[in-house]
Amino acid sequence: MHMSDQREIAAPVAEVWAALLSADTLLACVPGAKEVTGNADEGFEATVVQKVGPVKATFKGKVDLSNLVEGQSLTLTGEGKGGAAGFAKGGADVTLAATESGTLLTYDVEAKVGGKLAQLGSRLIDGFAKKMADQFFTNFQTALEGPAETEDAAEETSSEDGGEKKGLLKRLTGG
């Protein structure tokens, strides 16, 4: 299964890059993540609970980062085992480019599943994988930009804190 998409994130490239390499950010953004440990140099280990159709499983896996070109691109490769439910493995090539309003993040994902998951059919699996990728990048964008605000909430926020939105990374680093 193959997916490609891009997101415009209202944050500087350096901030987006740092978030991609942060276990705390990944924990906050990966749907169903219960634990994410490790670092960009040695890789991350994760525990993720997901339900795909009638199959619910706890996946334990490892994600490695390679081809790192600081502030520009990286490759994520990972594999998770969900016991009797099967396995999921794949990779993503992620590129970052500065834009007038922040960072354009582009991703190209390749994924495979096996075991009971593979028996669910490619249509269900493809739809689930696309939903997971979309949810991750929506969560990632929200973590960096802060939640989308309605006009009333934006007015209240601007009077309370000088109009700054604080995303997850800024809250974590106190920035």
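Each residue in region 111-144 was checked for being of a type in the set (Gly, Ala, Ser) and under 12 Å from the mean Cα position of the chain (by Cα), and 2 pass. Do we have residue 42 as of a type in the set (Asp, Glu) and within 18 Å of residue 132 (Cα to Cα) here? In short, no.
The one condition from (1) out of contact with any Ser or Thr (no Cβ under 6 Å at 6 or more places or on another chain); (2) more than 14 Å from residue 1 (Cβ to Cβ); (3) surrounded by 15 or more Cβ atoms within 10 Å (Cβ to Cβ) that residue 96 does not meet is (1).
Do we find a residue being closer than 16 Å to residue 140 by Cα and surrounded by 20 or more Cβ atoms within 10 Å (Cβ to Cβ) anywhere in region 36-55? Yes, region 36-55 has at least one match. Applying the criterion of being part of a loop (DSSP other than H, G, I, E, B) and not hydrophobic (A, V, I, L, M, F, W, C) to the residues of region 139-159, the residue that is modelled with the highest pLDDT is 146. Applying a threshold of 6 Å to beta carbon distances and a minimum spacing of six or more residues, or different chains, the list of pairs starting in region 132-154 at a residue that is farther than 20 Å from residue 12 by Cβ and aromatic (Phe, Trp, Tyr) and ending at one that is at pLDDT 85 or above and assigned to a helix (DSSP H, G or I) reads 136/29.
In this structure, residue 70 qualifies as on the phi < 0 side of the Ramachandran plot and modelled with pLDDT of 80 or more. If the condition is being assigned to a helix (DSSP H, G or I) and either crowded, with 17+ Cβ neighbours inside 10 Å or in contact with a Gly (Cβ under 8 Å, 6 or more places away or on another chain) (or both), then region 99-138 contributes 116, 117, 118, 124, 125, 128, 129, 132, 133, 136, 137. Applying the criterion of being in contact with a Ser or Thr (Cβ under 9 Å, 6 or more places away or on another chain) and under 16 Å from residue 133 (Cα atoms) to the residues of region 1-18, the residue that is modelled with the lowest pLDDT is 1.
Considering 84, 88, which residue is in a helix (DSSP H, G or I), among the small types (Gly, Ala, Ser) and in contact with a strand residue (DSSP E or B) (Cβ under 8 Å, 6 or more places away or on another chain)? Among 84, 88, only 84 is in a helix (DSSP H, G or I), among the small types (Gly, Ala, Ser) and in contact with a strand residue (DSSP E or B) (Cβ under 8 Å, 6 or more places away or on another chain). Looking at 10, 19, 14 in this structure, which one is loosely packed, with under 14 Cβ neighbours inside 10 Å and not hydroxyl-bearing (Ser, Thr, Tyr)? Unique residue meeting the criteria: 14.
The values are calculated or read from the model by the stated rules, or taken from the named source; none is laboratory data. Everything quoted here is computed from the prediction, not taken from an experiment. With ideal geometry, Cβ positions are generated from the backbone for all residues, glycine too; neighbour counts draw on all protein chains shown.
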